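The values are calculated or read from the model by the stated rules, or taken from the named source; none is laboratory data. Source: prediction; values computed, not measured. Heads up, the Cβs are rebuilt from the backbone with ideal geometry, glycines too, and the neighbour counts pull from every protein chain shown. These area figures cover heavy atoms from the full protein model, side chains too; ligands, DNA and RNA do not enter into them. Shrake-Rupley method; radii C 1.70, N 1.55, O 1.52, S 1.80 Å.
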Amino acid sequence: MTLLPVSDYLGDSAALCDAVMRLRGPALVDELGRIASVVMASPHGQFLPAASVDAAALPALSSCDTPALLQEISFDGHCFGHYRVAGRSLYGDADRRQLASLASLTAGVLQVHSLAQRSTHAFAQVEALLAQQTQILDQLHESVLTMDLTGYITSWNKGAERLFGYTSVEAVGRNILFLYDDEDTAFHDAFLEQGGRLMEVRRRKKSGEIFWASLSLSPLQDMDDKPIGLIAYLTDITERKLAEERLHHLAYYDPLTSLPNRTLLAKLVDQALSVAQRSKMLGCVLFIDLNRFKLINDTLGRRIGDELLRQVSVRFRTVLREQDLVARLGGDEFAVGLFDIGQHFEASMVAQKLLASLVQAFLIEGHDLRVGASIGISVYPQDGQDAETLLRLADIAMYRAKQDSGGEAESVAFYSHDMNVGMQARMRLETGLRQALLEQQLLLHYQPKYALASGRIIGAEALVRWLHPQHGMIPPAEFIPLAESTGLVVQVGEWVLEAACAQAQAWKLAGLPPIRLAVNVSAREFTSALPARVAATLARYGLEAAWLELEITESTLMHNIERVIGIMDRITALGVALSLDDFGTGYSSLSYLKRFPIDTLKIDRSFTTGIPTDASDCAIASTIISIAQQLHHKVIAEGVETAEQLAFLKSAGCDEVQGYLFSRPLPALAFERALRENWGL
């Protein structure tokens with residue numbers, strides 16, 4: 001039998017493929033049998049599925065009594081069934097080959113179809129499994145999301161939707177950083193990529209609410225166990241964190257004042273001591289016990305007492321620096337830790353601030369209440385190396401302070417006896433100076449200034465003196481540095497300006513000619529308020545500006561140059577002369593010096609002393625005089641005590657002098673007599 005034309009073969013093949021793809025069961029069996037009948041040009045064609053024919057019956061189907069052909073349909077050892085064709089009188093070898101070819105084609109199509117069916121079934125199973133896993137993930141209360149190695153979200157379960165408020169459509173494809181709350185946004189690190197990291201983080205919801213979450217990260221890997229991303233599990237732990245914070249506050253903070261308690265203070269002090277040890281700084285602990293508190297608490301009740309303690313804590317916090325520690329130890333006891341200090345006496349200054357904060361009465365529910373305090377101070381490292389030791393020794397020092405004052409007056413004591421003696425003397429001096437300002441114990445002496453050209457007194461430097469009622473005249477070297485360190489120098493300076501102008505008014509009314517009274521101005525006084533204060537003082541006493549000269553030091557000028565020059569310009573606009581005191585001892589820049597509207601340069605006594613024997617002092621004095629002449633300033637030398645010094649200064653071109661060679665500082669009446677004699681009045 002001849003082979004079918006190609007077109008017939010292709011058509012039959014297409015019919016075969018179509019049948020296998022579309023039909024199932026008896027319909028497929030019938031269609032395959034029909035195709036076999038057509039291809040073999042036989043009246044009868046059958047497809048016998050393997051499951052429907054017993055192997056023992058196969059020989060009978062192809063017996064010689066009934067001309068027929070039987071061909072197994074198999075692929076790679078798997079038998080799908082048989083083709084049987086009959087109805088012709090004769091079937092030759094060509095027919096057998098034709099039927100074998102059809103069987104081979106059918107087996108191939110059935111094999112492909114079988115594989116496709118298995119793949120489809122497997123895919124359906126995978127889809128079903130994924131659907132089940134998605135349902136499981138969505139039913140979890142925990143938020144689960146995945147992301148790639150660069151932090152971009154690849155999946156987002158219902159728990160994540162509930163937690164963050166974003167749907168999966170809104171979240172998938174965005175970088176995880178959009179959920180962060182101002183945290184370190186570094187995403188990659190070795191630990192993260194290895195997975196298993198558990199941490200507590202702050203995250204942001206779609207509403208903007210910030211919450212605490214427990215975050216666990218695990219690696220996401222492909223089939224080859226290569227990392228392709230991360231799986232993140234998040235649980236909202238905000239309530240637990242709030243509870244922890246409440247417990248922490250109860251454990252470490254005083255519930256009444258919200259200040260740290262003794263436990264937290266000890267931890268913070270020990271930490272600060274470690275830093276102080278590395279930086280070789282001192283540290284101090286102040287133990288504070290309120291005076292008269294027990295009486296108030298017992299008399300007016302605990303509610304009033306508690307409010308008093310709250311207000312005391314506020315005042316203490318107000319006068320301390322941000323870096324200082326303050327704690328309530330219990331009852332009416334407080335403690336302060338100071339660690340950014342260079343000298344131990346700075347602790348006594350802080351103690352005075354704390355005592356001063358209690359001076360003003362506390363008004364509570366109509367009661368005008370006053371309390372003081374006794375303060376004990378221990379110093380690191382001399383007295384102790386840890387918080388508990390320093391607190392214990394400061395407590396001992398506090399009891400010593402309370403005993404010394406009888407338990408009523410405000411008092412401070414160092415644990416160290418030597419320090420305590422010095423501090424007590426310093427405190428007595430400071431208290432006495434405050435009292436001196438109130439009780440007019442201060443007075444002015446006037447040291448004459450002489451013009452070298454005429455030999456006449458052209459002015460005087462007003463120098464403050466302290467006449468103590470018990471200790472007599474206290475040298476300025478003892479109380480001026482104290483005034484500067486405590487800030488009292490401003491009040492002293494205000495008093496000196498007022499007293500000098502009052503004295504000048506008295507001399508003016510007495511008919512004396514105008515002379516310049518030089519008043520020293522400290523750096524603390526040299527503020528934008530100074531020009532207005534000077535103008536108001538001159539106006540109050542009816543004085544012309546020619547009566548007044550302000551002496552300022554170099555160090556005053558070297559902070560915020562433009563502001564300083566502005567203040568100086570406002571002072572000179574009043575007609576008040578400016579003198580630069582202690583010139584040469586500081587660090588003035590000559591480029592700034594030419595901009596300062598000053599009238600006089602003053603050679604410091606440290607240079608005058610060595611004239612004329614010290615070549616360096618002579619050179620410095622000559623240079624200062626030369627600079628002044630070039631800038632059209634007058635020069636005055638202080639501390640002139642010998643004729644040789646005077647002769648050198650005169651030959652160098654100095655304009656004015658003052659010193660013991662001419663006169664010591666004089667009381668007002670003695671200076672007036674000297675002025676009248678010098679002027680021949």
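If you go through the range 89-110 and keep only what is open to solvent by 40 Å² or more (accessible area, probe 1.4 Å) and touching a residue at least 40 places away in the same chain (Cβ under 8 Å), you end up with just LEU105. You will find that of GLN125, GLN117, GLN135, the residue that is at pLDDT below 65 and assigned to a helix (DSSP H, G or I) is GLN135 and no other. The residue list ALA628, ALA619 contains one member that is on the phi < 0 side of the Ramachandran plot, open to solvent by 50 Å² or more (accessible area, probe 1.4 Å), part of a helix (DSSP H, G or I) and at pLDDT below 95, which is ALA619. Does SER374 meet the test of being assigned to a strand (DSSP E or B), under 19 Å from TYR399 (Cβ atoms) and touching a Ser or Thr at 6+ places or on another chain (Cβ under 7 Å)? For SER374, the condition - assigned to a strand (DSSP E or B), under 19 Å from TYR399 (Cβ atoms) and touching a Ser or Thr at 6+ places or on another chain (Cβ under 7 Å) - is met.
Conditions (1) of a type in the set (Asp, Glu); (2) modelled with pLDDT under 85, marked per residue:
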site	(1), (2)
SER218	no, no
ASP225	yes, yes
ASP236	yes, no
LEU242	no, yes
GLN277	no, yes
LYS280	no, yes
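Only residues that are touching a Leu at 6+ places or on another chain (Cβ under 6 Å) and either part of a strand (DSSP E or B) or farther than 13 Å from VAL269 by Cα (or both) were counted in the range 381-399, giving 1. Filtering the range 42-53 for residues that are at pLDDT below 80 and open to solvent by 50 Å² or more (accessible area, probe 1.4 Å) leaves a non-empty set. Looking across the range 486-503 at every residue that is closer than 17 Å to MET349 by Cα and free of Cβ contacts under 8 Å to residues at least 40 places away in the same chain, the one that is surrounded by the fewest Cβ atoms within 10 Å (Cβ to Cβ) is identified as GLY487. Do we have any residue at all in the range 68-75 that's touching a helix residue (DSSP H, G or I) at 6+ places or on another chain (Cβ under 6 Å), among the aromatic types (Phe, Trp, Tyr), open to solvent by less than 40 Å² (accessible area, probe 1.4 Å) and modelled with pLDDT under 90? Looking through the range 68-75, none of the residues is touching a helix residue (DSSP H, G or I) at 6+ places or on another chain (Cβ under 6 Å), among the aromatic types (Phe, Trp, Tyr), open to solvent by less than 40 Å² (accessible area, probe 1.4 Å) and modelled with pLDDT under 90.
Look at (1) closer than 28 Å to ARG605 by Cβ; (2) assigned to a helix (DSSP H, G or I); (3) in contact with a strand residue (DSSP E or B) (Cβ under 9 Å, 6 or more places away or on another chain); (4) open to solvent by 10 Å² or more (accessible area, probe 1.4 Å) and you find that LEU538 fails only one, number (1). For the range 456-480, taking the residues that are hydrophobic (A, V, I, L, M, F, W, C) and either assigned to a loop (DSSP other than H, G, I, E, B) or within 26 Å of VAL635 (Cβ to Cβ) (or both), the one that is most open to solvent (accessible area, probe 1.4 Å) is identified as ALA477. Screening the range 666-681 for residues that are more than 22 Å from VAL464 (Cβ to Cβ) and in contact (Cβ under 8 Å) with a residue 12 or more places away in the chain and picking the one that is most open to solvent (accessible area, probe 1.4 Å) gives LEU681.
For the range 77-92, the criterion of being at pLDDT 85 or above, touching a helix residue (DSSP H, G or I) at 6+ places or on another chain (Cβ under 9 Å) and among the hydroxyl-bearing types (Ser, Thr, Tyr) is met by at least one residue.
Test each condition in (1) among the charged types (D, E, K, R); (2) closer than 18 Å to ASN520 by Cβ; (3) open to solvent by 20 Å² or more (accessible area, probe 1.4 Å) for LYS650 and report the one that comes out false. Evaluating LYS650 over (1) among the charged types (D, E, K, R); (2) closer than 18 Å to ASN520 by Cβ; (3) open to solvent by 20 Å² or more (accessible area, probe 1.4 Å) leaves (2) as the failure. Determine whether the range 649-660 contains at least one residue that is part of a strand (DSSP E or B) and among the acidic types (Asp, Glu). So far as the range 649-660 goes, yes, one or more of its residues are part of a strand (DSSP E or B) and among the acidic types (Asp, Glu). Residues to consider are ALA523, ALA483, ALA518, ALA510; find the one that is in contact (Cβ under 8 Å) with a residue 12 or more places away in the chain, open to solvent by less than 20 Å² (accessible area, probe 1.4 Å) and within 27 Å of GLU656 (Cα to Cα). Step by step, each of ALA523, ALA483, ALA518, ALA510 is checked, and only ALA518 is in contact (Cβ under 8 Å) with a residue 12 or more places away in the chain, open to solvent by less than 20 Å² (accessible area, probe 1.4 Å) and within 27 Å of GLU656 (Cα to Cα). If the condition is being at negative phi and surrounded by fewer than 22 Cβ atoms within 10 Å (Cβ to Cβ), then the range 634-645 contributes LYS634, GLU638, GLU641, THR642, ALA643, GLU644. Counting the residues of the range 226-258 that are surrounded by 14 or more Cβ atoms within 10 Å (Cβ to Cβ), assigned to a loop (DSSP other than H, G, I, E, B) and among the charged types (D, E, K, R) gives 1. For beta carbons closer than 7 Å, sequence separation of 6+ or different chains, a first residue in the range 66-88 that is at positive phi and a second that is of a type outside the set (Lys, Arg) and part of a strand (DSSP E or B), the qualifying pairs are GLY81/PHE47; GLY81/LEU48; GLY81/PRO49; GLY81/ILE73; GLY87/HIS44. The single condition among (1) of a type in the set (S, T, N, Q); (2) in a helix (DSSP H, G or I); (3) modelled with pLDDT of 90 or more; (4) surrounded by fewer than 20 Cβ atoms within 10 Å (Cβ to Cβ) that SER663 does not satisfy is (2). Screening the range 575-592 for residues that are hydroxyl-bearing (Ser, Thr, Tyr) and either in a loop (DSSP other than H, G, I, E, B) or modelled with pLDDT of 65 or more (or both) and picking the one that is nearest to LYS449 (Cα to Cα) gives SER579. Selection over the range 143-175 of residues that are in a helix (DSSP H, G or I) and of a type in the set (Ser, Thr, Tyr) gives a count of 1.
Taking the criterion of being under 19 Å from ILE458 (Cα atoms) and either polar (S, T, N, Q) or in contact with a His (Cβ under 8 Å, 6 or more places away or on another chain) (or both), the residues of the range 598-655 that qualify are ILE598, ASP599, THR600, LEU601. Scanning the range 369-386 for residues that are among the polar types (S, T, N, Q) and either over 36 Å from the mean Cα position of the chain (by Cα) or open to solvent by 10 Å² or more (accessible area, probe 1.4 Å) (or both) turns up GLN382, GLN385. When THR572 is tested against (1) modelled with pLDDT under 90; (2) open to solvent by 20 Å² or more (accessible area, probe 1.4 Å); (3) among the β-branched types (Val, Ile, Thr), only condition (1) is not met. Among residues of the range 159-179 that are of a type in the set (D, E, K, R), those with a Cβ under 8 angstrom from a residue that is in a strand (DSSP E or B) and open to solvent by less than 40 Å² (accessible area, probe 1.4 Å), sequence gap 6+ or separate chain, pair up as ARG162/SER143; ARG174/ILE153.
The number of residues in the range 259-288 being within 30 Å of GLU365 (Cβ to Cβ) and open to solvent by 20 Å² or more (accessible area, probe 1.4 Å) comes to 3.
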